[in-house]
Structure formats: structure tokens, C-alpha cells
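Undergrad: This is the structure I want to talk about, given as C-alpha cells.
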Amino acid sequence: MSETTDAPQEAASVALARPPAAPRKPRFALFIATACGLGYIPFAPGTFGSLAGLLLAWVPWSALILAVWIWGGFGIWGLRPLPYDQILLTVLAAAIGVWSADRAAKFWQQKDPQRVVIDEVSGQHLTLLLGMSVPVWWKAANPDMLSGLAVELPGRSFYFDALNWKYLLLGFILFRVFDIWKPFPARQAESLPGGWGIMADDWIAAIYAGIGLWIARAAGL
């Protein structure tokens, strides 16, 4: 009788002794948070994340240039006074960045995992959006871009008629400097909960870098 009574107790003890099941790996969230795996690079993953942010800005801009050459700029300059595609990309990168960074931090059980670089991608892209899309209103658009098509918007300078390798490089350098320096209130923003704390400090660094890039444009550099 005692053996029958002890059997359920032993089974319960064995069940309690088993370690809890490992959390399911959020593969898609990790894929986004590491910027398609760039975060796994063993050296300077944040720098590679920033380079991905440059591509996120440069590829749509290049596609627009190609479209202008193919279709002769039909209606593009008149219908697009703002870089709507870049604004949409900025919002999407920020939103999906908060979600994926939060999932990754919880999975790896770290406050701000080094492998999470979607914050650099989002911050670098925001730097270029702020620095390049705000018009330098007292200057005319560059007449050399797209065989003079930019002249259709006199007195304005837009993202897609000012982006070139010099501004890409300057925007990259400025963002990396401010991202590492973390001026007020970037460092304080790291204390925000979850993915917000991972992303917000890079957004603040991007604002500083974007202002610096806009000043460089305004100065004619």
C-alpha cells in the first residue's frame, strides 16, 4: 500500500526537478534586431548597422534617380515635394526596431545586447532624413542634378537632389560620433524600458547628427 502511495509523490518530485523549458527562439525578431545578421559580426557590429542605415536611405534614392532617367521625370518632381518613401521607412524602422529589440533583449536576457544593431540602422537613417530633407530655403536646388530637372523647384533643396557620397560619409561620421558620445539626453534615454531604451538613445544621437549635417549643407560643404 505504501509503495502505491509513494509513486505519485515520486513522480511529482521528478516533475518539479526538471528545468523549465527554454523559451522559443524568436527567429524573425532576431533577424530584424541584428539587421539580417550584421549584429553577429564579432567586431564593431554597430558600425555595420550604421552602414545598413546608409543603404536603407541610398537604395530608394537611387531607385528614384533611375525612374527619373527612364521616364524622363514625368510628374515626379511636381508630385513629390517631400521624400515620402524615406519618411515611411523611418517610421517603419523605428516601430519594428522597438519590437524586435525588445524581443531580442528578453531572449538574450540582456538590457542592451551588442548584437542588436537595428537601433544603429534606424538612427543612421533618421540622421540622413533630418539632415538632407529639411530645405535650405535660401539656396536654389542643384542645377547639375538629373540634367537640370531639379531646377523645376527653384529655391528648394530636397533629400533626393542633395544626397551624394560626401553627405553620406559626413552623415555616417556624425552619427557614429554622437552615438558613441551620447550627449544629453541620449544616455538618460537608455534607462527607458525594453526596446524603447535600446532605440531612443540612437534617435537622440541622430537628431544631433542630422542638425550637424543640415548645417554642413547650409554652409555649402
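Undergrad: Being at pLDDT below 85, farther than 20 Å from I211 by Cα and hydroxyl-bearing (S, T, Y): is that true of S133 here? Walk me through it before giving the result.
TA: Details: at pLDDT below 85: yes; farther than 20 Å from I211 by Cα: no; hydroxyl-bearing (S, T, Y): yes.
No; evaluated as a whole, the condition is false for this residue.
Undergrad: So which residues in region 84-132 are polar (S, T, N, Q), under 16 Å from G171 (Cα atoms) and buried (at least 24 other Cβ atoms within 10 Å of the Cβ), if there are any at all? Before you say what the answer is, go through the steps one by one.
TA: Going residue by residue through region 84-132, those that are polar (S, T, N, Q) are 86, 90, 100, 109-110, 114, 122, 124, 127.
Then drop every residue that is not under 16 Å from G171 (Cα atoms), which leaves 86, 90, 122, 124, 127.
S122, Q124, T127 - these are the residues of region 84-132 that are polar (S, T, N, Q), under 16 Å from G171 (Cα atoms) and buried (at least 24 other Cβ atoms within 10 Å of the Cβ).
Undergrad: Give me a count of the residues in region 165-182 that are surrounded by 13 or more Cβ atoms within 10 Å (Cβ to Cβ) and farther than 16 Å from E120 by Cβ. Break it down stepwise before answering.
TA: Quick first cut of region 165-182, residues surrounded by 13 or more Cβ atoms within 10 Å (Cβ to Cβ) only: 167-168, 170-179, 182.
When the remaining residues are screened for being farther than 16 Å from E120 by Cβ, the result is 167, 170.
The qualifying residues number 2.
The values are calculated or read from the model by the stated rules, or taken from the named source; none is laboratory data. This is a predicted model, so every value here is computed, not measured. Reconstructed Cβ throughout: ideal geometry from the backbone, glycine too, with neighbour counts over all protein chains shown.
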